[in-house]
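S.K.: This is the structure, below, for whatever I ask next.
The values are calculated or read from the model by the stated rules, or taken from the named source; none is laboratory data. Nothing here was measured: the structure is a model prediction, and the numbers come from that model. Cβ coordinates were reconstructed from backbone atoms using ideal geometry, including for glycine residues, and neighbour counts include every protein chain displayed.
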Amino acid sequence: MTKKSMDKIMALSKRRGFVYQASEIYGGLNGFWDYGPLGAQLKKNLRDAWWQDMVMNPCGGKPGPNGEPVRIVPLDTTIIQHPKVWEASGHVAGFNDPQIDCRETKARYRADHVLVYGPKSGERAGKPWFAYMPDAPSEAKQLKKAEKAFGEVVSFPLTQLTKEDYASVLGPDAEKVGSLTEPRAFNLMFKTYIGATATEDDVAYLRPETAQGIFVQFKNVVDTTRVKVPFGIAQTGKSFRNEVTPRNFTFRSREFEQMEMEFFCHESDARDWYKFWREARMEWWKSLGLEGENLQLREHDPEELAHYAKNGAGVCDVEYRFPFTYPNFGELEGVAHRSNFDLSEHQKHSRQNLEYFDADRGELLPNGAKKGEKYLPHVIEPAAGLDRGVLAVLCEAFTEDASRPSPELMKIHPRIAPVKAAVFPLVNKEGMPETSEKLHQELSKRFNRFGFIEHDVKQSIGKRYARMDEAGTPFCFTVDGETAGSQTVTVRNRDTGTQERIALDQVGTWLGERLGLA
Ligand code: GAP
């Protein structure tokens, strides 16, 4: 397994209209990205696949650990919630990252992302620690300086240094020692004001996660639908975090989309549901082509656990080996047992009773019915990043093969590929364009709910295949000199480059089967 080039992936993403820098004509905006025509459709297809497999037909109909079908209902809550929501959730007080500034270069860093080089053994003897950001140009520069100063060096997190040590650090991009400030807590929530007066009393926040909207509507969902615990509530939508150092393409953005589901269950069943969702989510990402050694499930160490997850059934991440984390992995989705922390905090802060009455629990009464039990359900939360999912799909799909018409191709899984198929006339005459346009119309009618069907009559056939390979189009149908006689067309498989002939009137059925839409 080799490390792919992130520069090439970003260049193809721009060239073919998957991802653009936001506000690019004004110089761009750090931490914000737009999706071009292919990217917008790819993102929609990934979101739709999540919606289908989490809401419409959870886990493809696989029963839960209780042997029953898994029940999940959708929700769509606002980006701006009552400010008290974020006090109750702990975000106002605790959603902070440690930030440091360089007085010399005016650069800003997230303290827990910065590493330092120091001597492997022996004394520093008045020499500085050499700070660097992994993968940044300063890394090699600082290593050189550190090796010159100490010979053999070791690297460790900047945050392990004491307050006094800060005066002896050479900042990642600085010339003079001691230019870094000490870490300060920086709240990641974007602030805004509601209404015209814009005083401190009007402060509101853009949501940093979609999850809290679900918790605050839990009671309404229970009271207005026929759901019974255990069940889940799912929603997708934009979240905003004023990240100190947005980086690695769309991986850490300031505006991004989440796909979150809060699964409510009785405390005694939480461990089983946690295990169930952990496996189900890993399998889901695999089913979209992220199979193999680039995907892993990592259980958190006890010291990594968030306050709400202490003593719980566990927290784990589905992680993908991105080129910029290589050979390590980066988080794609978290699965957490959040206990009943959120419901209990919202109950306290809102002074509303959010308890659930479970008629199927409690002791057996003489009449054969159960007495029932009131409780605040525990929650298992699979929380995925849609933009990170798209990025993982782009990285996994990117393939180099010098022997192909296109030396760079995108092996995107057919289910989420933005262009499902292309239709070409081999040459732009002899009735071929008319037949191919007819086929294009037929396929479009049948499949354009799921993605584009392209029709291309220009350039050589090799160039047209190359264009489609870069767009990640799984299948290309070509009307050629034989079509009129045999009523067949060729179909070319993107991944193997092989071709076969199939009946013209069977193309729709053939494609539907390959796209899993038969
Ligand atoms: N409700 C729980 C929650 O929000 P999280 O781990 O902070 O948990 C869930 O976020 C997912 O959202 C992450 O696994 C990641 O995929 C995505 N995500 C978080 N911060 C992000 C950012 N700055 N840019 C892009 N995606 C992000």
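S.K.: Starting from residues that are buried (at least 18 other Cβ atoms within 10 Å of the Cβ) and of a type in the set (S, T, N, Q), keep the ones in the range 478-489 and report whichever is nearest to the chain's Cα centre (by Cα).
M.R.: 478
S.K.: Please name all residue pairs, on different chains or six or more residues apart, with Cβ atoms under 7 Å, provided the first residue is in the range 41-65 and is surrounded by 18 or more Cβ atoms within 10 Å (Cβ to Cβ) and the second residue is of a type in the set (D, E, K, R) and not in a loop (DSSP other than H, G, I, E, B).
M.R.: Filtered contacts from the range 41-65: 59/53.
S.K.: Return the only residue of 304, 319, 260, 255 being farther than 30 Å from residue 418 by Cα and within 15 Å of the ligand (Cβ to nearest atom).
M.R.: 304
S.K.: Also, I was wondering about something else. Select from the range 365-385 the residues that are in contact with a Lys or Arg (Cβ under 6 Å, 6 or more places away or on another chain) and aliphatic (A, V, I, L, M) and list them in ascending order.
M.R.: Listed by number, the residues that qualify are 365, 379.
S.K.: Further question: Across the range 161-177, what is the number of residues that are free of Cβ contacts under 8 Å to residues at least 24 places away in the same chain and of a type outside the set (Phe, Trp, Tyr)?
M.R.: 4
S.K.: Can you find even one residue in the range 258-265 that is at negative phi and surrounded by fewer than 21 Cβ atoms within 10 Å (Cβ to Cβ)?
M.R.: Looking for residues that are at negative phi and surrounded by fewer than 21 Cβ atoms within 10 Å (Cβ to Cβ), one finds none in the range 258-265, hence no.
S.K.: A follow-up question, please. Taking only pairs six or more apart or across chains, which ones have beta-carbon atoms under 6 Å, a first residue in the range 333-352 that is over 17 Å from residue 277 (Cβ atoms), and a second residue that is in a loop (DSSP other than H, G, I, E, B) and within 15 Å of the ligand (Cβ to nearest atom)?
M.R.: Close Cβ pairs (under 6 Å, with a partner that is in a loop (DSSP other than H, G, I, E, B) and within 15 Å of the ligand (Cβ to nearest atom)) do not exist here.
S.K.: Okay, moving on. Just one of (1) assigned to a strand (DSSP E or B); (2) under 30 Å from residue 411 (Cβ atoms) trips up residue 336, so point out which.
M.R.: The number of the failed condition is (2).
S.K.: Which of the strands (runs of 3 or more DSSP E) contained wholly in the range 366-442 include at least 3 residues that are within 16 Å of the ligand (Cβ to nearest atom) and surrounded by 15 or more Cβ atoms within 10 Å (Cβ to Cβ)?
M.R.: 378-385
S.K.: On to the next question. Pull out all pairs, ordered by first then second residue, where Cβ-Cβ is under 8 Å, the residues are six or more apart or on different chains, the first lies in the range 216-236 and is among the basic types (Lys, Arg), and the second is surrounded by 19 or more Cβ atoms within 10 Å (Cβ to Cβ) and at pLDDT 95 or above.
M.R.: Listed by first residue and then by second, the contacts come to 219/354.
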